[in-house]
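Report on the following structure.
The values are calculated or read from the model by the stated rules, or taken from the named source; none is laboratory data. Everything numeric here is computed off the predicted structure, so don't read it as measured data. We place every Cβ from the backbone using ideal geometry, glycine too, and count neighbours over all the protein chains shown.
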Amino acid sequence: MKKTFLWRSLEILPGAATWFSFIAPIVLSFFIPVVVATYILLLDIYWMYRSLVIGVNLIIGYRNLKHDLHVDWVRRMESVKPTEVIKDWREIYQVVILATYKESFETLDTSIQALADSHYNLKKVILVLATEERDKANARQIAKRLVDKYGSKFYKFLVTEHPDGIIGEHKAKGANVTWAAKKLRLFLDEKSIAYDNAVVTTADADTRIHRQYLACLSYNYCIEPNRDRRSFQPITLYSNNIWQAPAICRIIAFGNSFWQMIEASRPWRLVNFATHAMSMKMLIQINYWEVGVVNEDSRQFWRAYFTFDGDHKAVPLFIPVYMDAVLAHDFWGTIKNQYLQKQRWAYGVEHVPYVVIESYKNRKIAFWDKTVKIYRLLEGNYSWATASIFIAIMAWFPLLFGPGFSHTVLGANLLVLIRTLMSFTWAGIVVSVWISLLLLPPRPAQYGKSKMAEMVLQWFLVPVQAVLFSSFPAIDAQTRLMLGKYLTFRVTEKKAV
């Protein structure tokens, strides 16, 4: 795609703002250290407040999750009486598209078995295994084994093969699942299944859905009056292999899961992430997924938002889908893959030009609604890159570079004030430790009780993780976008356990 001057300027903006924020305090500390120190204190007060709010929302999210896990969603779904607004659940077909590229049989087998274990009528379930032509030798062999094993369990087990080298496409998940959805459409037409009766969930190969997910999704879809302009977002828990992953990867995995729970408890902020669902009718209206971006999941939210002139929301489902924490075949391979995964996620900053330009072009969307969303997108990416570094080192700038500042009252007490403020943020860490222990799957037999102590002590690595695996990958992603060194999609290596 040929990029306009405005588009490139908006690609440059986030990275430029981040680097300016790192350089400006150093320069200003030479001349106005008091202003820099005051800014640092205000920033720390903001992060203390934000940490407390996040802690409260995490508790709310966890309570909602525990509540909904104890609901009999099949019974609730079956109790729904169709009306002009409420859809008949008996007409619904659940479609699950599993996107795979170089995944092992064991990974896919476990994911499909989880789907087969659903508390749902499997004869109303269509499974689509979306493979890639560039992995056809491996994929075709695995697909045959899976079809032989599971083909009779579902209404239909489709296998698609996305051709390689289509012009305009990234080698990415969005292109693969779009091809799969187009093949699905042909099947639905053949079987005369209405598009608004097919609810499509897209998921990564390692996704193990909870046995209640399909029933919960059906219920929420049927009772939603505006169902064909809504996407449905379960809670992603990175816990499949949490006991086997290194400590640093475990706290990153828990942090990723916690953020989904927090955002789900604030649905006005919720954006599609990883596994999500929407009707086939809606997919066709928005032309499936974006095929030319790295992060197709969050872009899907924005595409629907602008297609429907702002009339789109992600509906939270407090039912989990389970995915893998990063785990390669050796420690340093795991660390490398963890960094690259966070870099790819942080590359969601690529959506900034699209969102800003589409917001300007679409005059039907309320001004404040799109303005607030743009602000959240920009602020979220900016904080991702800068917050932990600011908190860790920026307080030293006026002390090191400000002539005589360390001998002033503010200078002499600056670090003490900051340590006091930051001590309150540990309340959020305590909440995280508590909920992480509640969410742990059963301890494998090969691990003793000392492993549980490790699960608590690992949280002291949070400051290290925040800098090395949050700020650094985000700075990397924003800088690459700023310089036009564009990322492509990279599948995170997963070791079967």
*Do we have Thr425 as surrounded by 19 or more Cβ atoms within 10 Å (Cβ to Cβ), modelled with pLDDT under 90 and assigned by TED's automatic domain parsing to the domain that holds Phe31 here?*
yes
*asked:* Could you check region 399-439 and list, in sequence order, the residues that are touching a residue at least 12 places away in the same chain (Cβ under 8 Å) and either in contact with a His (Cβ under 6 Å, 6 or more places away or on another chain) or of a type in the set (Ser, Thr, Tyr) (or both)?
replied: Thr408, Thr425, Ser432, Ser436
*Residue that is under 23 Å from Thr107 (Cβ atoms) and either surrounded by fewer than 22 Cβ atoms within 10 Å (Cβ to Cβ) or of a type in the set (Asp, Glu) (or both), where the choices are Pro234, Pro246*: Pro246
*Being of a type in the set (Ser, Thr, Tyr) and touching a helix residue (DSSP H, G or I) at 6+ places or on another chain (Cβ under 6 Å) is the filter here, so list the residues in region 186-205 that pass it.*
Tyr195, Thr202
*Leading residue by the ranking (surrounded by the fewest Cβ atoms within 10 Å (Cβ to Cβ)) among those in region 191-216 that are of a type in the set (Lys, Arg) and part of a loop (DSSP other than H, G, I, E, B)*: Lys191
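Confirm whether Trp434 is within 23 Å of Asn64 (Cα to Cα), surrounded by 13 or more Cβ atoms within 10 Å (Cβ to Cβ), aromatic (Phe, Trp, Tyr) and modelled with pLDDT of 90 or more.
Judged against the criteria, Trp434 is a match.
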*On the given criteria, is Ala346 touching a residue at least 40 places away in the same chain (Cβ under 8 Å), within 25 Å of Phe254 (Cα to Cα) and surrounded by fewer than 19 Cβ atoms within 10 Å (Cβ to Cβ)?*
no
*asked:* Take Gln458 and tell me if it is at pLDDT 90 or above and within 28 Å of Thr207 (Cβ to Cβ).
replied: yes
*So which residues in region 372-401 are buried (at least 21 other Cβ atoms within 10 Å of the Cβ) and more than 23 Å from Asn256 (Cα to Cα)?*
Met394, Ala395, Phe397, Pro398
*All but one of (1) surrounded by fewer than 22 Cβ atoms within 10 Å (Cβ to Cβ); (2) in contact (Cβ under 8 Å) with a residue 24 or more places away in the chain; (3) under 28 Å from Thr110 (Cβ atoms); (4) of a type outside the set (Phe, Trp, Tyr) hold for Asp330, so report the exception by its number.*
(2)
*Filter pass, Trp259 being without any contact (Cβ under 8 Å) to a residue 12 or more places away in the chain, within 18 Å of the chain's Cα centre (by Cα) and in a helix (DSSP H, G or I)*: yes
*Residue satisfying all of: in region 262-302; within 15 Å of the chain's Cα centre (by Cα) and of a type in the set (Phe, Trp, Tyr); modelled with the lowest pLDDT among these*: Phe273
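Quick one: in region 262-286, of everything that is part of a loop (DSSP other than H, G, I, E, B) and touching a residue at least 60 places away in the same chain (Cβ under 8 Å), which residue is nearest to Lys313 (Cα to Cα)? Break it down stepwise before answering.
Quick first cut of region 262-286, residues part of a loop (DSSP other than H, G, I, E, B) only: 265-266, 270-275, 286.
Keeping just the survivors that are touching a residue at least 60 places away in the same chain (Cβ under 8 Å) gives 265-266, 274-275.
Values: Ser265: 14, Arg266: 12, Ala274: 16, Thr275: 15 Å.
The residue in question is Arg266.
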